[in-house]
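Everything on this sheet refers to the single structure shown next.
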Amino acid sequence: MTLETLGASLPAYARDLKLNLSSLANDTTLSPVQKAGTFIATALAARNESVARTMIDTFGPQLSPEELEAAHAAAAIMGMNNIYYRFVHLAAASDYKTIPAKLRMNVIGKPGAAKVDFELWSLAVSAINGCGMCVDSHEKVLRDHGMTAEQIQTAVRIASVVHAIAVAQEWQTQAGGERELAA
């Protein structure tokens with residue numbers, strides 16, 4: 001499926017998502033690699049097979065095999081970290097903040113992509129997964145690497161649109177194309 005086909009498959013109520021997808025696909029705020037990896041990592045995090053396949057088919061050719069694997073790794077490792085660190089952040093007991101996580105995270109040190117790109121993808125996935133502690137941590141690293149607020153915002157805009165498209169697609173799939181809203 002292409003981006004155009006994906007957009008066309010969205011229901012009328014999701015017209016804004018189609019427009020935002022097109023706009024973000026043509027956005028030049030991020031480098032082509034940063035943009036491609038963000039689309040892929042966030043589609044994987046959104047857990048919708050057709051949306052993920054479309055993003056991989058569309059943006060995968062813009063990445064080296066190592067960068068494509070790093071985008072997958074960002075979605076996977078943040079899937080783990082976001083749950084763990086969201087718990088640490090939300091738990092009332094403060095002692096969890098001082099206990100080592102004891103979770104392997106080697107891919108963060110050697111992701112197979114430029115460190116700043118991997119951090120950007122990790123931030124976007126963390127936004128989808130709702131981990132404020134991880135968002136703050138990755139945002140700080142990105143700012144320390146010279147990324148602007150506009151660049152970071154663009155990655156989060158991609159995450160929000162990709163996630164919303166996955167939600168609309170899932171609704172359509174489960175509904176068989178049509179479902180009445182309960183009153």
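So which of GLU139, GLU150, GLU67 is crowded, with 19+ Cβ neighbours inside 10 Å and over 27 Å from GLU49 (Cα atoms)? Steps first, answer last, please.
Values: GLU150 fails: crowded, with 19+ Cβ neighbours inside 10 Å; GLU67 fails: over 27 Å from GLU49 (Cα atoms).
GLU139 is the lone residue from the list that is crowded, with 19+ Cβ neighbours inside 10 Å and over 27 Å from GLU49 (Cα atoms).
For ALA166, state whether it is within 17 Å of the chain's Cα centre (by Cα), part of a helix (DSSP H, G or I), closer than 16 Å to ALA75 by Cα and in contact (Cβ under 8 Å) with a residue 12 or more places away in the chain.
On the way: within 17 Å of the chain's Cα centre (by Cα): yes; part of a helix (DSSP H, G or I): yes; closer than 16 Å to ALA75 by Cα: yes; in contact (Cβ under 8 Å) with a residue 12 or more places away in the chain: yes.
So ALA166 fits the description; yes.
Does SER122 satisfy the criteria of being of a type in the set (Ser, Thr, Tyr) and surrounded by fewer than 16 Cβ atoms within 10 Å (Cβ to Cβ)? Steps first, please.
Values: of a type in the set (Ser, Thr, Tyr): yes; surrounded by fewer than 16 Cβ atoms within 10 Å (Cβ to Cβ): no.
The answer is no for SER122.
Could you check LEU44 against (1) surrounded by fewer than 22 Cβ atoms within 10 Å (Cβ to Cβ); (2) under 27 Å from ALA168 (Cβ atoms) and say which number it fails?
(1)
Being more than 12 Å from ALA43 (Cα to Cα) and modelled with pLDDT under 95 narrows it down to one of ALA168, ALA127, so name that one.
Step by step, each of ALA168, ALA127 is checked, and only ALA168 is more than 12 Å from ALA43 (Cα to Cα) and modelled with pLDDT under 95.
Could you tell me whether LEU24 is within 23 Å of GLU119 (Cβ to Cβ) and in a loop (DSSP other than H, G, I, E, B)? Don't jump to the end; show me each part of the working.
Working: within 23 Å of GLU119 (Cβ to Cβ): yes; in a loop (DSSP other than H, G, I, E, B): no.
No.
Here is a list: LEU3, LEU30, LEU63, LEU19. Which entry is without any contact (Cβ under 8 Å) to a residue 60 or more places away in the chain and over 25 Å from TRP171 (Cα atoms)? It would help to see each step written out before you state the result.
Numbers: LEU3 fails: over 25 Å from TRP171 (Cα atoms); LEU30 fails: without any contact (Cβ under 8 Å) to a residue 60 or more places away in the chain; LEU19 fails: over 25 Å from TRP171 (Cα atoms).
None of the others qualify; the one that does is LEU63.
Please tell me if GLN174 is closer than 22 Å to ALA46 by Cα, among the polar types (S, T, N, Q), surrounded by fewer than 20 Cβ atoms within 10 Å (Cβ to Cβ) and at pLDDT 95 or above. Walk me through it before giving the result.
Numbers: closer than 22 Å to ALA46 by Cα: yes; among the polar types (S, T, N, Q): yes; surrounded by fewer than 20 Cβ atoms within 10 Å (Cβ to Cβ): yes; at pLDDT 95 or above: no.
The answer is no for GLN174.
Taking only the range 70-107 into account, find how many residues are surrounded by fewer than 11 Cβ atoms within 10 Å (Cβ to Cβ) and among the β-branched types (Val, Ile, Thr).
Summing the residues that are surrounded by fewer than 11 Cβ atoms within 10 Å (Cβ to Cβ) and among the β-branched types (Val, Ile, Thr) in the range 70-107 gives 2.
Is it the case that the range 52-71 has a residue that's among the basic types (Lys, Arg) and under 15 Å from ASN129 (Cβ atoms)?
Taking the range 52-71 first, the residues among the basic types (Lys, Arg) are 53.
Subset that is under 15 Å from ASN129 (Cβ atoms): none.
Within the range 52-71 (the criterion being among the basic types (Lys, Arg) and under 15 Å from ASN129 (Cβ atoms)), the answer is no, since none of the residues qualifies.
Restricting attention to the range 90-112, does a residue exist that is touching a helix residue (DSSP H, G or I) at 6+ places or on another chain (Cβ under 7 Å), assigned to a helix (DSSP H, G or I) and in contact (Cβ under 8 Å) with a residue 40 or more places away in the chain?
Kept after step one, since they are touching a helix residue (DSSP H, G or I) at 6+ places or on another chain (Cβ under 7 Å), are these residues of the range 90-112: 96-97, 101, 103, 105, 107-108, 111-112.
Then drop every residue that is not assigned to a helix (DSSP H, G or I), which leaves 96-97, 107-108.
When the remaining residues are screened for being in contact (Cβ under 8 Å) with a residue 40 or more places away in the chain, the result is none.
Within the range 90-112, none of the residues are touching a helix residue (DSSP H, G or I) at 6+ places or on another chain (Cβ under 7 Å), assigned to a helix (DSSP H, G or I) and in contact (Cβ under 8 Å) with a residue 40 or more places away in the chain.
The values are calculated or read from the model by the stated rules, or taken from the named source; none is laboratory data. The structure displayed is predicted, hence computed values, not measured ones. Using ideal geometry, Cβ is built from the backbone for each residue, glycine included, and neighbour counts are taken over all protein chains shown.
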